[in-house]
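Have a look at the structure below, then the notes.
The values are calculated or read from the model by the stated rules, or taken from the named source; none is laboratory data. Just so we're clear, the structure is a prediction, and the values are computed from it rather than from any experiment. Backbone-built Cβ (ideal geometry, glycine too); neighbour counts: all protein chains shown.
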Amino acid sequence: MVTADIAENNLIKLLKEFEIFERNKVSLEIKLAAIAMYLLSSSLRRIALLLNVGKSTVHYWIEKFKDSLESEGRKEVKRLVIARVAVDETVLKYNGMKCYLFAALDVERNKVIHLKVYPTRNALTAYSFLREVLRMCEVEELILDKGPWYKDALQRLGVKFRHESFGERSLVESVFSSFKQRAKIFFCSITVNFRRREKSARWRRALECWNRFCRMFMFYFNVVRGCY
């Protein structure tokens, strides 16, 4: 019954375009239903109970889907010319430690162009993020605040920009609000446990987890919200 109800949603039609699974011992409809429920804010345990499959199986399907989204994101092709892109950053936490989420939003289409988490917020991370955004699309104007970490990056990239405290740049706040709300559904904070006591390895793994979540969130924000 759950599978049938979700199969009627436009999300399933979108997900069928992804060639994700090599084998289909479990029907594709059930796998798509599991991914759809996850995107609509359901826990892995609840999905497993509803679909009568193992929790680890559901986790595997979700991870395969995330891998598919990441491979798509690696194709750095200038598909669009975007008039105005708002850029901002916010603080996230990992085991009480701070990291920073950078976001770029197409203000006309209200679509997230790029999300990425960095361990620090400085000129180097700002330059890295903005350069990745400019590789993905042609931007006529960037809208940013007066954060000092952007100054050097803007000079090096030579892109047109303007500073703005509120107005169109504040649209990025809705992205951050939705991101943090959905993150709390799945976890209160990123916690990575290793048998090895290598702090740097745990930190890299935490950032990897956050950035995989970013890819899933972008699909939710740009695509899934319009399906229900």
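Out of curiosity, is Phe194 touching a helix residue (DSSP H, G or I) at 6+ places or on another chain (Cβ under 8 Å), loosely packed, with under 15 Cβ neighbours inside 10 Å, at pLDDT below 60 and not acidic (Asp, Glu)? Spell out how you get there, then give the answer.
Numbers: touching a helix residue (DSSP H, G or I) at 6+ places or on another chain (Cβ under 8 Å): yes; loosely packed, with under 15 Cβ neighbours inside 10 Å: yes; at pLDDT below 60: yes; not acidic (Asp, Glu): yes.
In short, yes.
Go through (1) out of contact with any Phe, Trp or Tyr (no Cβ under 6 Å at 6 or more places or on another chain); (2) surrounded by fewer than 18 Cβ atoms within 10 Å (Cβ to Cβ) and name the single condition Val139 misses.
So Val139 meets the others, but not (2).
Pick out, from the range 1-93, the helices (runs of 4 or more DSSP H) lying fully within it that include 3 or more residues that are at pLDDT 65 or above and within 23 Å of the chain's Cα centre (by Cα). Show your work before the answer.
Values: elements: 2-7, 10-15, 28-39, 44-51, 55-73.
It comes to 28-39, 44-51, 55-73.
One line per residue, one yes/no per condition, for (1) among the aromatic types (Phe, Trp, Tyr); (2) part of a helix (DSSP H, G or I); (3) modelled with pLDDT of 90 or more:
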position: Tyr127; (1), (2), (3): yes, yes, yes
position: Arg131; (1), (2), (3): no, yes, yes
position: Leu134; (1), (2), (3): no, yes, yes
position: Ile143; (1), (2), (3): no, no, yes
position: Trp149; (1), (2), (3): yes, yes, yes
position: Gln155; (1), (2), (3): no, yes, yes
position: Arg162; (1), (2), (3): no, no, yes
position: Ser165; (1), (2), (3): no, no, no
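Across the range 119-135, which residue is nearest to Met218 (Cα to Cα) among those that are surrounded by fewer than 20 Cβ atoms within 10 Å (Cβ to Cβ) and either touching a residue at least 60 places away in the same chain (Cβ under 8 Å) or touching a His at 6+ places or on another chain (Cβ under 7 Å) (or both)?
Among those that are surrounded by fewer than 20 Cβ atoms within 10 Å (Cβ to Cβ) and either touching a residue at least 60 places away in the same chain (Cβ under 8 Å) or touching a His at 6+ places or on another chain (Cβ under 7 Å) (or both), it is Glu132.
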